[in-house]
Amino acid sequence: MKVGKYELPKEIDSLIESGIWPLTDDQEFAQHEKMLIEKSMLSRVVIDEAKIYFYKPPFLNAKKRIEYGDDIVLSKFDSNENIDPEKLIILGDFGAGSDSFWGVYYKDELSAPIVIKEKWNENGKRLGWVELFSNFSELCELLEK
């Protein structure tokens, strides 16, 4: 599966086919009742978030979401940002009302993507994007347990 010129990790296709990753609106919405990653496992890697939410395909990069008028995504990028919106494929967020995204980021066209998320301080000030996993396989290991 490709988004723009970037090939998504093959594990996403496997997770969709196995029914772990949502494919339909109903499956995506069901995450409000039961998360795909158990809270105890989530807290080991994302200590500052209570939930993680996975979007169903088709996926868009941040640049396309901004072009389509997504002001929330637009607010995540400014002149100080070291993330190229075209290279960030948004795959989810951290639950209703969080306005905080996560996705895969391609540092360059040859490297496998890392998984990044937005970082906030305890006062609710946005600090920018930080690495969540050094590769997508690390996230998959949590999903498959």
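See the values below:
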{"quantity": "Proxy reagent accessibility, fewest Cβ within 10 Å first, across VAL73, VAL130", "calculated": "VAL130, VAL73"}
{"quantity": "Computed [θ] at 222 nm, deg cm²/dmol, the chain (DSSP H ≥ 4; -39,500 (n - 2.57); rounded to nearest 500)", "calculated": "-6000 deg cm²/dmol"}
{"quantity": "Loop-resident sites, region 33-139, for chymotrypsin sites (Phe, Trp or Tyr not before Pro), counting at most 11 other Cβ within 10 Å (DSSP)", "calculated": "TYR68"}
{"quantity": "DSSP-assigned coil residues among GluC sites (Glu not before Pro) in region 1-57, each with at most 12 further Cβ atoms within 10 Å", "calculated": "GLU33, GLU38"}
{"quantity": "For the chain: span of alpha carbons on each principal axis (Å, largest first)", "calculated": "39, 37, 28"}
{"quantity": "Sparse-neighbourhood loop sites, trypsin sites (Lys or Arg not before Pro) in region 25-108 - DSSP loop, at most 16 other Cβ within 10 angstrom", "calculated": "LYS34, LYS107"}
{"quantity": "Student exercise, the chain dipole from Lys, Arg, Asp, Glu Cβ charges, in Debye to nearest 20", "calculated": "140"}
{"quantity": "Signed unit charges on C-beta, dipole axis of region 9-49, positive-most listed residue THR24, VAL46, LEU36", "calculated": "VAL46"}
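Bear in mind these aren't lab numbers, they're just calculated from the coordinates by the rules spelled out. A quick note: this is a predicted structure, and the numbers were derived from the prediction, not measured. Cβ coordinates were reconstructed from backbone atoms using ideal geometry, including for glycine residues, and neighbour counts include every protein chain displayed.
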